[in-house]
Amino acid sequence: MLVSPAWLKSHLADRQLVLLQIGERGEFDKEHIPGARFLDFESLQPIRKADSTSSCRRWPNWIRPSPHWA
């Protein structure tokens, strides 16, 4: 979900917020929003169901997709 900078600023203390920086590790190490977690885009692999042509992404174990994402 993309949010505005104002929304993010007002929710940074929310313990339910998971902020991901997806990109290159060097950029993350150089500078990131405090509390953000790094996610390498290349680590996201599509999974195909045998009975479907739709695909989804495999999320690392520590990410729990929000029910609001559906």
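When the range 9-37 is filtered for residues that are among the charged types (D, E, K, R) and either modelled with pLDDT under 90 or not in a strand (DSSP E or B) (or both), the ones remaining, listed by number, are Lys9, Asp14, Arg15, Glu24, Arg25, Glu27, Asp29, Lys30, Glu31. Within the range 1-16, the set of residues being open to solvent by 100 Å² or more (accessible area, probe 1.4 Å) and more than 13 Å from Ile33 (Cβ to Cβ) comprises Met1, Leu2, Arg15, Gln16.
The values are calculated or read from the model by the stated rules, or taken from the named source; none is laboratory data. Bear in mind the structure is a predicted one, so any value in this text is a computation, not a measurement. Every residue, glycine as well, gets a Cβ built from its backbone with ideal geometry; the counts of neighbours run over all protein chains shown. The protein model used for the area step is the full one, side chains on, heavy atoms only, and it has no ligands, DNA or RNA in it. Shrake-Rupley method; radii C 1.70, N 1.55, O 1.52, S 1.80 Å.
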